[in-house]
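Laboratory data are not the source of any read-out in this text; all were calculated from the coordinates shown. This one's a predicted model, so the numbers in the text were calculated from it and none came from an experiment. Cβ sites come from the backbone with ideal geometry, for glycine too, and all protein chains shown count toward neighbours.
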Amino acid sequence: MLRSQLDHLVVTAPDLATGVEFLHRALGVIPQTGGEHARMGTHNCLVRLGERLYLEVIAADPEAKPPGRPRWFQLDRPESVRACRLATWVVRTDDLRAAAAASTVPLGSVESMSRGQLNWLITIPEDGSMPLDGVAPSLIEWPGQAHPADGLQDTGCRLLRLTGFHRDPDRIAGMLQAIGFDGHFDVSPLAPGQLPHLVAQIHTPLGPRRLRGA
């Protein structure tokens, strides 16, 4: 039986320094340095949100070799990184290939990735897009025991709630059921004039704060 759970949230930024400052203002903490993703030409910083749960801010790395393919999380699209935003979320599974095959939403190919001593598998659409505008998650598998959140400082941030808004909420709910998602994720129809987006409610040293995707 497939089982999966929330692994991390993804905030995209026009550049990493801007993303770090954005999270500092929003959450009252300074994200820790993560590292470089050589295959994607990106780099990131991280905030712990709980046990095996974190938030990453990610941007194109201007010093990296061009990846020769679209970067993940739409980081090559100017309209997508005009400002910092909560772009999408990633769900962890112990059998990524089976979960990707079971998903009722196309997730792209399974790719092997690394950053420093960390290695993982993740689903990435070939065009660098995000499933259903980022409201449906990408899937990830950590083959070993190491997980990014294990080495992060506890700054007092905790994820309280994650909510999605999409024109087809039933499709996203069905996808989560198909991959055995074990967690709380509410997805609602869009209000008139809205674009698909996520909203994360986070407990911080400054009190409850919200990150939005639109």
In sequence order, calculated HN-Hα J values of the stretch 81-97 (Karplus, 6.51, -1.76, 1.60; Hz; x Gly/Pro): 10, 4, 9, 5, 7, 6, 8, 6, 9, 10, 10, 8, 9, 8, 9, 4, 5
Quick one: length gained pulling ARG77 to ARG161 fully straight, 0.36 nm per residue minus the C-alpha distance? 27.4 nm
At a Förster radius of 22 Å, what calculated FRET efficiency corresponds to the Cβ-Cβ distance of ALA17 and LEU118, to the nearest 0.05? 0.45
Would you mind checking which residues have amide H under 5 Å from ASP7's amide H? H placed 1.01 Å from N; only 5 or more apart, or other chain. VAL90, VAL91, ARG92
Express the relative contact order of the chain as a whole percentage, based on alpha carbon pairs under 8 Å and six or more residues apart in sequence. 24
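May I ask you to compute the full-extension gain from GLN5 to ILE30, defined as 0.36 nm times their residue separation minus their alpha-carbon distance, rounded to one decimal in nm?
Contour length minus the Cα-Cα distance gives 6.4 nm.
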Considering every pair of different Cα atoms, what Kirkwood radius, in Å, is found for the stretch 14-90? 12.9
The chain: most fluctuating residue of TRP120, TRP89, TRP72 per GNM, C-alpha cutoff 10 Å: TRP120
Quick one: divide the alpha-carbon radius of gyration of the chain by 2.2 N^0.38 Å and tell me what you get. 0.94
Counting DSSP beta bridges in the stretch 1-64, what percent are antiparallel, to the nearest 5? 70
With θ taken as phi - 60° and the coefficients 6.51, -1.76 and 1.60, list the Karplus ³J(HN,Hα) couplings across the stretch 169-181 in order, rounded to whole Hz; mark glycine and proline as x. x, 5, 5, 5, 4, x, 5, 5, 5, 5, 9, x, 5
So who's got an amide H within less than 5 Å of the one on GLY108, skipping anything under 5 residues away but keeping other chains? H placed 1.01 Å off N, in plane. none
Which residue, SER103, SER138, SER114, has the most motion in a Gaussian network model of the chain that connects Cα atoms within less than 10 Å? SER114
The stretch 115-162: C-alpha gyration tensor shape, a/c 1.5 cut-off, then a/b vs b/c: oblate
Please list, in order along the stretch 23-33, the HN-Hα scalar couplings obtained from phi with the Karplus expression 6.51 cos²θ - 1.76 cosθ + 1.60 (θ = phi - 60°), rounded to whole Hz, x for Gly and Pro. 6, 4, 5, 6, 10, x, 10, 9, x, 7, 5
